[in-house]
Amino acid sequence: MKTHTWSIKTMAMSRLSIKHILFLIVVIIALPALFIIFKSGIEQRNNAVQDAKRETQKLAEAIVSEQKNLIASTRQLFIALSQLPEVREHRSAELQAVLIDILSLSPQYSKLFIADLSGRVWASSDPLSVDSFVHEKRYFKNALASGLLSSGEYSVESNAVSPSLNFGYPIKDEHGAVTAVLCANLSLAHYRKIFESYRLPKGASVALIDHNGTILARAVEPEKYVGTQSKKEILQYMLEGPDEETSIGTSSIIGDSRIQTYRKLILDGESEPYMYIRAGIPTRVVMGNSDAALLKNLFIYSVVLLLGFILSWVIGKKLIIDRILVLQRSSQRLAAGDLNTRVAHEVGSGELGLLGQTFDEMAAKLATRDEELRASVKNYRDIFHATHDALLVCDEAGRILQVNKAAEEMFGYSRESLLQMTFEELLAGQSPYSFADALDLIGKSLEEGTQQAEWLSKKQNSEVFWCEVAMTPSGDLSKREILAVIRDITDRKEMERMREALLSTISHEMRTPLAAMLGFLEYVIENQVKEAELNEYHQIMYKEGERLNEMVTNFLDMQRLKAKISEYVFIPVEIRPLVEGAVAIFDGPFTKHVIVVDLPENIPPLHGEGALLHQALVNLISNAIKYSPEGSEVVIQARLEDDRAILSVQDHGVGVPAEFQEEIFNLFYRVQSTSTRYVAGTGLGLSLVKEIVQIHQGHIWVESISGQGSTFSLSLPVVTTEQAG
Ligand code: ADP
């Protein structure tokens with residue numbers, strides 16, 4: 001659980017920036033010092049309070065002992081006076097002179113006098129007070145009651161210079177009976193002198209209070225407070241409290257917090273104190289020094305802390321943050337593709353230096369990898385585009401994602417259009433070559449690996465063609481994409497068709513003459529045949545044999561033609577000799593047609609292979625003769641159209657019905673009609689011509705009206721000036 005909390009805290013810390021972490025470290029290091037400063041500050045305060053307590057106690061004690069001395073000396077004075085014969089013998093006038101003498105020597109007393117038991121003053125240092133009565137005064141009554149020295153209270157006498165505190169002392173005869181009371185008025189101005197002799201701490205106050213609570217003397221502002229009443233509750237508090245006490249409380253007069261002490265003074269034989277001494281020092285003054293020291297320490301601490309922050313910031317920035325920023329910037333450059341970025345020389349040594357070196361090594365490796373990757377991508381792209389097979393990358397739904405040039409050429413769409421399409425638009429569509437079948441195949445290749453199939457596809461111009469498709473899962477398997485390699489197999493299919501056609505022709509066409517020949521031979525061998533009949537049979541067999549021979553020769557010519565395409569050497573072939581050479585084969589005594597050759601002068605030579613062109617012309621003239629009635633005209637013409645020569649062979653024969661005009665150029669194709677049925681042929685002649693024309697980058701076509709005749713035309717290239725040069 002603890003580890004958990006700790007790790008949460010560490011995680012929270014790890015979100016801080018380095019700048020904040022540095023500050024945090026400084027704060028953590030600085031905290032104990034702050035604690036020590038506060039602790040010692042508090043201790044200093046406590047010591048100051050203790051010192052102040054002691055100070056006030058000492059002050060109070062000093063006044064107490066001063067007061068006790070005063071009491072003792074007053075008592076001694078009274079004892080000495082009581083022994084005087086003037087007192088004992090009641091010699092009023094003489095005693096008065098003595099009292100005046102004593103008073104002049106003892107300025108602390110403002111008046112000395114003696115009263116009889118009734119309280120009448122019979123002798124006094126102040127003649128005016130003789131015969132006055134003091135029987136109601138506390139000091140008089142208590143002196144009589146206790147038989148000991150007793151005190152009075154604050155009093156102001158009409159003729160006195162300053163207020164006073166009075167004392168009474170009973171005079172006893174030899175039997176111990178009280179005969180008179182000696183009295184002394186202690187001048188309160190005397191206390192002022194006492195206080196002045198003390199050096200009081202700043203703000204300290206000392207006060208003497210009589211039993212009634214009247215302030216007798218005060219060190220601070222005596223004029224204002226002497227003679228006034230101190231607060232009742234304070235008097236009560238002191239009365240009820242112990243004889244002496246020191247506490248921290250609120251000053252009765254000033255109202256601030258102070259350390260105060262009081263002492264009760266009680267005369268022998270009395271139960272109630274005749275005087276209270278209170279001394280106090282404001283805590284503000286007491287703690288002033290320690291507070292000032294604390295503030296000073298805090299100030300120094302703050303300055304040091306601030307310096308610490310600044311130093312940690314400057315050092316941290318220079319040695320850590322700036323170097324990390326360099327690393328960060330380089331990382332960003334690296335991420336943006338700048339693989340040549342290097343950082344070690346900027347970072348310096350230490351751990352960050354090591355990091356910099358590692359970064360550089362990483363960048364270098366990355367650069368090498370990138371180069372290799374680029375090379376392999378280029379390779380892949382080159383292969384992708386250079387291959388003759390169409391390559392398509394598509395997803396599971398058949399959407400096309402990537403295509404090569406061969407695909408564009410094969411299907412006749414631009415790359416942009418292909419990338420907007422699905423497989424569906426490239427398929428012929430009918431089952432088992434529908435889009436659904438293609439998606440099945442894609443799915444199967446994704447599940448089981450490469451799948452191969454022959455497919456009927458469709459080009460942009462709606463031409464349907466055969467292709468062979470190999471589908472392989474491509475790249476990242478999770479993407480579920482496949483690479484389709486598509487090869488146009490029209491030629492192969494054509495070859496297959498041709499092979500099948502050949503086989504069927506062999507079985508139908510070639511077998512027919514063979515069967516006829518064998519039939520006749522068998523008949524001749526098994527039967528006695530007459531000479532004339534035999535002759536006829538021989539002729540039939542010869543014809544059939546010839547047809548077979550022609551068929552085989554044509555077929556072999558065709559095969560040879562296809563096999564030798566690359567070996568032909570194209571040279572200028574003059575048209576006139578070419579045409580005349582072909583016509584010569586048919587133009588003889590056996591000729592039953594009128595062969596007309598109509599060639600323009602100055603027609604440039606053809607660019608081609610003479611023997612092949614001769615063969616083509618021979619085939620066309622042969623057909624024209626075969627499919628036109630005897631005696632009709634066969635016209636061979638030539639004309640120039642741009643850089644091509646148009647050679648045409650025209651007849652006035654059966655013609656080719658419009659619906660067959662395309663097909664007659666296919667291998668083994670023959671028009672089956674009443675007009676051609678009896679004309680021997682192989683269906684190979686025109687295929688051969690077409691093949692030859694294609695080898696010459698030319699083309700062949702027929703214009704014909706059924707029953708009226710046909711014109712077969714060849715468009716062939718003539719020698720250009722460059723070729724001639
Ligand atoms: P064949 O040996 O049958 O003549 P070809 O390939 O030379 O074979 O001709 C194919 C078919 O074209 C012929 O069977 C014929 O029906 C038609 N044909 C060719 N030339 C002519 C022509 N000059 N006039 C009419 N029909 C022709």
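Rg of the Cα atoms in the chain, relative to 2.2 N^0.38 Å, amounts to 2.72.
Label positions at Ser146 and Ile705, each projected 7 Å from the Cα along the C-beta direction, are separated by 17.5 nm. Between the helical axis of 350-386 and the longest alpha-carbon principal axis of the chain there is an angle of about 20 degrees. Using 0.36 nm per residue and subtracting the Cα-Cα separation, the extra length available between Arg192 and His175 on full extension is 2.0 nm.
Among the trypsin sites (Lys or Arg not before Pro) in segment 490-530, those placed in a DSSP loop whose Cβ has at most 12 other Cβ atoms within 10 Å are Lys530. Sites listed here are GluC sites (Glu not before Pro) in segment 399-436 whose DSSP assignment is loop and whose Cβ has at most 16 other Cβ atoms within 10 Å, and the list is empty.
Relative to the longest principal axis of the Cα atoms of the chain, helix 322-335 runs at roughly 20 degrees. Given R0 = 30 Å, the distance between the Cβ atoms of Gln672 and Tyr523 translates into a calculated FRET efficiency of 0.60. Assign unit charges at the C-beta atoms only (+1 for Lys and Arg, -1 for Asp and Glu), then state the dipole size of the chain relative to its Cα centre in Debye, rounded to the nearest 20. Approximately 5900 debye in magnitude. Along the axis of the charge dipole computed for segment 470-542 (Cβ charges of +1 for Lys and Arg, -1 for Asp and Glu, origin at the Cα centre), the listed residues Val529, Pro473, Ile540 are led at the positive end by Pro473. A simple packing score, the average count of other Cβ atoms within 10 Å per residue, orders the peptides 22-33, 70-81 as 70-81, 22-33, with the highest score first.
Ranked by Cβ crowding within 10 angstrom, fewest neighbours first, how are Lys264, Lys111, Lys19 ordered? Least crowded to most crowded, the residues run Lys19, Lys264, Lys111. Less than 5 angstrom separates the built amide H of Ile171 from those of Thr179, Ala180, Val181, Leu182, all sequence-distant by 5 or more or on a different chain.
With a Förster radius of 45 Å applied to the beta-carbon distance between Glu533 and Asp491, the computed FRET efficiency rounds to 0.35.
Rounded to 0.05, the FRET efficiency of the Ile42 and Ser331 pair, given R0 = 41 Å and the Cβ-Cβ distance, is 0.20.
Candidates Thr512, Gln452, Ala436 compared by Cα position along the dipole of segment 394-519: farthest toward the positive end lies Thr512, with charges placed on Cβ. From helices alone, the chain scores -16000 deg cm²/dmol at 222 nm; the rule is -39500 (n - 2.57) for each run of n ≥ 4 DSSP H residues, then divide by the residue total. Between Asn47, Ala584, Val134, the Cα set farthest toward the positive side of the dipole of the chain (charges on each charged residue's Cβ, about the Cα centre) is that of Val134.
Where a number appears in this text, it was derived from the coordinates with a stated rule and is not lab data. What you are looking at is a predicted structure, and each value in this text was computed from that prediction instead of being measured. Methodologically, a virtual Cβ is constructed for each residue, glycine included, from the backbone with ideal geometry; neighbour enumeration extends over all protein chains shown.
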